[in-house]
Amino acid sequence: MNDTPMAEIWNDWNRILSGAQGFTINKKFLNIGAKVPLLSLDIDIKSFYFLWLELYPLFMNSNSNSIELIVDDSDNISNCILHKSNKDGMYTEAIKIEIDKLPNFTTNLRNVDEIYNILGVWVKQRYNVDIGNLRIIPLAFINDFVSIYVKYFKSGINYGFFEMIGEYFDVIVKYRNQQMLLCYPPSPFFDFISKFDEYFLNFSYFAIIKAFRSYLPKSKMTITFRLKDGSAFLSYFINISQLRISFEFIPIPDYIFSKNTSSKIEDKIFKFLKKDCNTKHNLIFQIEDITELIFEVINSQIPIQKDRFLLIEEKFLNFYRNIGIPWDMDPKPYIYNNNFRFWIYLLGFYINPRKLSFWSIPTLLQSFLSMFFSLTGDTLIITGNKFPNLTDTKKIDKINGFIFSMNDGMIEKIQNIQDSELQKILETVKNKILDHSEGDNYKKSKNTRSSILSQIRTEFSDKISFISSIVWLSNDMISKIISILLLDFHRHNRFAGRKLVRIFRFFRKNRYFSVFPENHLYKKVKNQNSLQFLKSITPIFTDLHEF
Amino acid sequence: MNNTVVIAEGNNATESLNNGLNLLGGLSKFLSKEDRVLILIDLQCPFTCPSSINQETLNALLSNIKLIGVSKIQILPGVMWGVDQRKALKSLGLEDLIQNYGATSITYEDLYKFSAPIIESVTKIICLSQIRTDPLWKLTCSSFLMWYFNPPKKRWKNISIYKKKYEDERVQQVFEFLERKIPTLYINDCYFLLTGNGPFAWNTTKSVKTNKIIMSNNIMAVDWITYEQFGLDPTINLILKKALEQNLIDIKSINLKSQVQNKNPSIKFSETEPTNIILEGLTIYSGELNSGERYALLQFLFMIKNLLFKDSSNFGNWAIIAGKNPPDPEISSDIIVFGDSAIKSTKKYNFRTISETASEMINLMGFEIGVGETLEGDELEKAILIKQRKIRQKIDRTRKKYSGLIATLDNIVQESDVDAKSDKEETKLKLQMKMELKIDKYQYKIEKLRFNIIAKHKKQAIKNKLLDLTLNKRVLEIPGNPPLGWDPLIFLTYFWQNKQISTLNLFIQISREFYSFPRFNKGKIRASLKIDKNKLKKIEKEKNKPLISKNKSEMKKIENELKSNLKNLTLNFKKNTKRIKKKFV
């Protein structure tokens, strides 16, 4: 039993519970390590304790005493666990309750509010505990979770951490939408992630996270979370390679927290991490601000309305520009240096991340994209490693297609186009092009990327559904843009800011990006010198009152 | 005229249009193989649907026409002032779309070409109108779009040159076109409906899906029903109003075929009052606005509300003046005079000039230079006291310092022997003398300062009597009766610095591709400014002539008075110094 994955997960959880219980009694944390159940991430008890307290409200309501009913396929209760928590809201004890001792409730298990009321009174009488949550978990759900865990940890090393999270999410969505995984009061986070299924056809978190993972650049960094007003810091060394992402827990030594020196704890942590991990990207996030942002997102209605979406964007930009408070990094890019920025200003580049015009950027971007790109209608976005080869007899590379249905400048629906359908369309277009071509020169002159996209649009509109525009995005460009925005722009390098120019260069090259019809905004980006274009748009993104 | 109007719905625009055509009895009832069809499409500004035509509706319409196999399909994009028709079509990908159906696009020049006007050969017209909210008639619809059969210059000629009423002219032009009696199918496409302040103000608009398309062979009937569908009084539309007055429409005889299940969502209409448009720091001063000016001003305000959304925070206070005889703005900052009538009627307004006489006090590294506001009576006394404060503080400090020293000496004297006592007494007297001399010097400075300040303010008051005006350079005139399309935007770019209006600049750079902005002649503007300046100086000179000699004598008088006062003061000071020295020696 002890070797089974379930026992492993249960042991991890029990170790945390005993650590939390120890703190509740002795008011002191023992310096012992633990593993985050299901994720198998190393952590110390103190950090887990505070991390739990910060994140728990995202999942359940603040009274964390809860009762869990595990039900089998025929809706029979097979197990019941009472989770008791201390005053802070951290679980300290898990009590298994014998099923035959539970009060009789004849009601359907879907009536969670009724069951909650019955069990609430019973638990209060029997264990003197006020329960805050009731969770009904199908056994199949637990088995699915465990099998995902086994799948990713069978060799001891996790090769797909993000993909694993995606699969966990998909399982949650599946059971919630089948009304099998139930919570009372409802969980804001689970409710939010389950709503997407209705509006996005063939939606899968696994697919999205897998795609996102493939775009992540190779890098090494440390990420530290500041917990509970600085009472604990949780640090990980993250190594992203092509094959895997590894998380290494870095315990912060006690001397960092000694009050002998005047420097800030964050600075001392950065110094320690830079020395210990030898990384060029070291980030600290205040977990409280992150949960606040997540709350903003998960409290939105799906589909998110335009005003709400703009507000969320503003909050994220405000988070980013407030470097030093909700987040920080070390070493900081030169652009944060006033002297350096002064010279940049003299050259006419108004770049200052601290003065990012968070209140206007989302509205202006929305306006410009709505004006020139798409306010309503369907847009087909095709992605792949290479632009579909339709001008000669060679085989067409695999490409992915998505239809974005827009209304009022917002995405209303995303539909994944089946590979076979897309290939059929491309084959038809290819045959037409080859039939009409009279010679190589003719092919080159007539079949530009734009005209090919136009023909795909016509064919797609005839065969599947009308699309107003079509966009080609190369996978290479997406990963390079992510790399520039996340890493290169934030490097401690004098020319890091220039990397932004490369983004516009990608849009200028047809092999990376192409759009039909070529709207005027795209034409402007395509025809103007990238550096000049950056110069002309930086005052839009920056609040000017500075020196 | 057939009075059948159909309202159709569908899950997409294609379905809605096909359902509508079926309800009408099929497109073949209207078109035959011999027909040369002209389709007027709504491309007022070349942005995506519903700012302009819904491409899917056009695609579905062309596909239906192709099935009938008419002899020719021509497409005329109805564009606003300044927009290039072909470029607009291309930028939306419509050129390719219409070519797929063997149709060709034509321009206004082709339509009314002197040698062979296409309009003469057209046998059937289809007017495909995209419904949007509008400040003038609340909704754009077929009767709104029919005006676009005329080229922009012809549309505005009588209004801007012969000063005809905008609304009347618009109604007349549409009726004139209808007199050609070419059979027309009117399609009011409200599958997507643009609400709020229309296609120029994206931050205050919303695209609403109603899934409906309304169509008929009768322009009056189709528009009447469209207005009613959205809970509006159809007589807001002046064409419908005139048609009703002339008995061109019989409401009771409208045969409405509706296949509608969904209710219309609530719609926010355009703002119709310019002063209700709020932008940071902006005050709007509007006089009597005729309908054309009101329309142009609203379109201008909608545009700048979007394009200066962020940039307006860089301007401080600013104002827009429009209409005939607007109120004189109270602020003296950046002022935009919009339209010919405002330019003409505000030529003699106070904001046009600024006075140079009220010189401002400059504070340079703690030193105040200049007089500032001229003061009299108590206020002047208060200002003098403030200026004298530092010297009075010096007197206090001197008194404190020397009194302390004398008190210490007194203490020492009591404990010293006789020889030392006399030495100390001598030192004490010296200190007392020094103190009194210093205080006397400071008193002299205080009085001197007082005379100087009074004289300065008196001189300034006399100078202020002279007119010294200069043209307010922070006034921008946007000509036009009314200023049309996006033309006014170009004037703004020369008024503010590039970095101040970066969003507007970007928009202009992008829209230059399809919009022909007027040339901004800097030299001409500078020359007219110079003329105005010279005129102003001339007037100033004439008005100041009788005052100059009088002022000169008054100034001399003040200077003499000041001299004699200072002389007396210096004499008194010297006397006092002697007296003090005598007292102690």
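What follows draws every value from the coordinates through simple rules; no lab data is involved. Note that the structure is predicted; figures quoted are calculated from it, not measured. Counting neighbours? That spans all protein chains shown, and the Cβs are built from the backbone with ideal geometry, glycine included.
Overview of values
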read-out: Average beta carbon contacts from partner chains per residue of A:359-367, 10 Å cutoff; value: 4
read-out: Segments B:383-389, B:6-12 sorted - mean Cβ within 10 Å per residue, highest first; value: B:6-12, B:383-389
read-out: Nearest-0.05 FRET efficiency for B:Leu385 and A:Ile77, computed from C-beta distance (R0 60 Å); value: 0.10
read-out: Bins of 10 Å, starting at 0 and running to the largest distance - Cα pair percent for the protein assembly as shown; value: 2, 7, 13, 15, 15, 14, 12, 9, 6, 4, 2, 1, 0, 0, 0
read-out: Selection of trypsin sites (Lys or Arg not before Pro), segment B:401-489, meeting DSSP coil and at most 11 other Cβ within 10 Å; value: B:Lys473
read-out: Computed lengthening from A:Gln423 to A:Lys271, 0.36 nm per intervening residue step minus Cα-Cα distance; value: 49.4 nm
read-out: Unit Cα scatterers, Debye sum, chain B: log10 I(q)/I(0) for q = 0.05, 0.07, 0.11 Å⁻¹; value: -0.41, -0.60, -1.04
read-out: Spin-label model distance (nm) - B:Ser121 vs B:Val585, 7 Å beyond Cα toward Cβ; value: 12.0 nm
read-out: Lys/Arg +1, Asp/Glu -1 at C-beta; the protein assembly as shown dipole; positive extreme among B:Gln261, A:Ser214, B:Ala407; value: B:Ala407
read-out: Environment charge at B:Leu89 (Cβ cut-off 14 Å; Lys +1, Arg +1, Asp -1, Glu -1); value: -4
read-out: Shielding by partners - mean other protein chain Cβ count within 10 Å, residues of B:45-57; value: 5
read-out: Neighbourhood net charge (15 Å Cβ-Cβ; Lys/Arg +1, Asp/Glu -1) for A:Asp462; value: -1
read-out: Within the protein assembly as shown, helix-based [θ] at 222 nm, where runs of 4 or more DSSP H residues each add -39,500 (n - 2.57), nearest 500; value: -15500 deg cm²/dmol
read-out: Relative intensity, log₁₀ I(q)/I(0), of segment B:38-196 from a Debye sum that treats every alpha carbon as a point, q = 0.09, 0.16 Å⁻¹; value: -0.28, -0.92
read-out: Local electrostatic count at B:Lys206 - Lys and Arg +1, Asp and Glu -1, tallied over other residues with Cβ under 10 Å; value: 0
read-out: Helix axis angle, B:502-511 relative to chain B longest principal axis, alpha carbon, degrees; value: 30 degrees
read-out: Average beta carbon contacts from partner chains per residue of A:401-409, 10 Å cutoff; value: 3
read-out: Computed magnitude of the charge dipole of segment A:329-452 (debye, nearest 20; Cβ of K, R +1, Cβ of D, E -1); value: 460 debye
read-out: Percent RCO, i.e. relative contact order, over segment A:361-541, from Cα pairs under 8 Å lying at least 6 residues apart; value: 22 percent
read-out: In nm, spacing of pseudo-spin labels at A:Leu347 and B:Ile412 (7 Å Cα→C-beta vector); value: 6.9 nm
read-out: Inter-centroid distance (Cα atoms) of segment A:383-401 relative to segment A:454-522, Å; value: 17 Å
read-out: Relative frequency of Cα-Cα separations exceeding 19 Å in segment A:346-441, percent; value: 63 percent
read-out: Restraint check, B:Lys387/B:Lys465; A:Lys430/A:Lys463; A:Lys332/B:Lys499, Cα-Cα greater than 22 Å; value: B:Lys387/B:Lys465; A:Lys332/B:Lys499
read-out: Mean separation of Cα contacts under 8 Å (6+ apart) over length of segment A:219-331, as relative contact order %; value: 27 percent
read-out: Chain B: relative contact order as a whole-number percent, Cα under 8 Å and 6+ apart; value: 14 percent
read-out: Sites A:Gln21 and A:Asp476, calculated FRET efficiency, Cβ-Cβ separation with R0 30 Å, nearest 0.05; value: 0.05
read-out: Taking the C-alpha atoms of chain A, convex hull volume expressed per residue in Å³; value: 186 Å³
read-out: Projected label distance in nm at B:Thr570 and A:Leu139, using a 7 Å step from Cα toward the beta-carbon; value: 11.5 nm
read-out: Long pairs among B:Lys421/B:Lys581; A:Lys195/B:Lys268; B:Lys164/B:Lys347, criterion Cα-Cα beyond 27 Å; value: A:Lys195/B:Lys268
read-out: Mean Cβ neighbour count within 10 Å, used as a protection proxy, ranking A:488-497, B:298-307, A:167-176, B:175-184 highest first; value: B:298-307, A:167-176, A:488-497, B:175-184
read-out: Efficiency of FRET from Cβ geometry, B:Leu449 and B:Lys545, R₀ 30 Å, rounded to 0.05; value: 0.25
read-out: Charge dipole (segment A:5-215, unit charges on Cβ, about Cα centre) - positive-most of A:Asn76, A:Tyr168, A:Met60; value: A:Met60
read-out: Long-range Cα-Cα pairs in segment B:87-129 (distance over 14 Å), rounded percent; value: 62 percent
read-out: Overall dimensions of segment A:5-215 as given by Cα atoms, namely Rg and Dmax in Å; value: 17.8, 55
read-out: Order by protection proxy (mean Cβ within 10 Å, highest first), peptides B:278-291, B:533-546, A:245-258; value: B:278-291, A:245-258, B:533-546
read-out: Farthest positive-ward along chain A dipole, Cα basis, beta-carbon charges - from A:Asn389, A:Tyr236, A:Ser461; value: A:Asn389
